[in-house]
Amino acid sequence: MKISEAIAKIKAYHKGTGFNGEPINEEKTRDKVLFGSPDQELKGIVTTCYASVEVIQKAIDVGANLIISHEALFWNHGDHTDWLQDNKTFQEKVKLLESGNIVVWRDHDYIHSGIPLPDGTWTDGIFYGWMKVLGWENYLSCEVGQPLKYTLPETTVRGLGKELMGKLPLGGIKVIGELDSPVKKVWIAGHIDGRQDNEILKTIEKEDIDTVITLECTDYTVAEYIRDSTMVGRPKTILAVGHFNSEEPGMEYMVRYLPDALGEKVPCTFIPCTDMYNFLNK
């Protein structure tokens, strides 16, 4: 099949509605072909959170010509490239893509809209992937459609951090709070970046969440509340895992259902973009 046909089938496999319940607008969606010609025959698929130079080279090495990336390719919202034509890194990345005849398609809005479950319901494909890769299915404490809250066997922040570093894997985790604080109720809260911080804080308080796992986190609002809560004897913590690190399991899990979405066997490989962070300690 052609790459364009494969993309159409994958889109159709997803629920295809936005947060407002309306069908995804094809003109406004982020889920575009970001590079290459989709009219060529599909040879193999690589899934990843971000199509870095290293991921592209590895895709070429395994003989794939379609990279399904969750995030943008060229370092800006909307993947505009008009301002990058004289950028040497841009030129080198394009040269590599062209050398492998690679197509990059972004699957962001569609995978978040939902993948089908056996009972006919839908679930966010990214965070369902998190649950499956971590093996947390039996600990889910919210609706499976948005698998973001868990009641874990009691552990500590240190213990949970080690589990995450082993399963994701990570080079380290930024922790706000005390490493020996108890952990039972965990919430993947997404972005603490000034947009919904008051509501996030209210939810932590109302539901007595012990630990918040974030994709991104500012140093004020909720982070300040977490510190003060611990200081008054109500230990709470934030594990700032990182945006791509948090969503990568969803792209890893995607490989498991791509054959169903495509209706035939195609070589599919997950290639992690890996943890972008290095950590300096005292």
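The values are calculated or read from the model by the stated rules, or taken from the named source; none is laboratory data. Bear in mind that the values here come from a model prediction, so they are computed numbers and not experimental data. As a convention, Cβ positions derive from the backbone with ideal geometry for all residues, glycine included, and neighbour counts pool all protein chains shown. Please note that ligands, DNA and RNA were not included when accessible areas were found on the heavy atoms of the full protein model with its side chains. Shrake-Rupley method; radii C 1.70, N 1.55, O 1.52, S 1.80 Å.
Observations on the model:
- Test result for Asn101, open to solvent by 20 Å² or more (accessible area, probe 1.4 Å), closer than 24 Å to Asn245 by Cβ and not in a helix (DSSP H, G or I): no
- If the condition is being under 21 Å from Ile24 (Cβ atoms) and either open to solvent by 30 Å² or more (accessible area, probe 1.4 Å) or in a strand (DSSP E or B) (or both), then segment 116-127 contributes Pro116, Gly120, Thr121, Trp122, Thr123.
- The lone criterion from (1) surrounded by fewer than 16 Cβ atoms within 10 Å (Cβ to Cβ); (2) of a type in the set (Gly, Ala, Ser); (3) over 23 Å from Ala64 (Cα atoms) left unmet by Ser113 is number (1).
- Some residue of segment 130-152 being more than 30 Å from Tyr13 (Cα to Cα) and out of contact with any Leu (no Cβ under 6 Å at 6 or more places or on another chain): yes
- Any chance Leu73 is in contact (Cβ under 8 Å) with a residue 40 or more places away in the chain and either within 17 Å of the chain's Cα centre (by Cα) or closer than 26 Å to Lys15 by Cβ (or both): no
- Residue tally, condition more than 19 Å from the chain's Cα centre (by Cα), part of a loop (DSSP other than H, G, I, E, B) and of a type outside the set (Asp, Glu), over segment 251-282: 9
- Taken over segment 40-88, the criterion of being loosely packed, with under 12 Cβ neighbours inside 10 Å and in contact with a Phe, Trp or Tyr (Cβ under 9 Å, 6 or more places away or on another chain) is satisfied by Asn76, His80.
- Residue match in segment 247-260 (condition: under 19 Å from Thr151 (Cα atoms) and either surrounded by 21 or more Cβ atoms within 10 Å (Cβ to Cβ) or hydrophobic (A, V, I, L, M, F, W, C) (or both)): no
- The condition (being within 29 Å of Cys273 (Cβ to Cβ) and not hydrophobic (A, V, I, L, M, F, W, C)) is satisfied by just one residue among Tyr225, Tyr150: Tyr150.
- Checking each residue in segment 64-108 for being within 23 Å of Val266 (Cα to Cα) and among the acidic types (Asp, Glu) picks out Glu71, Glu98, Asp107.
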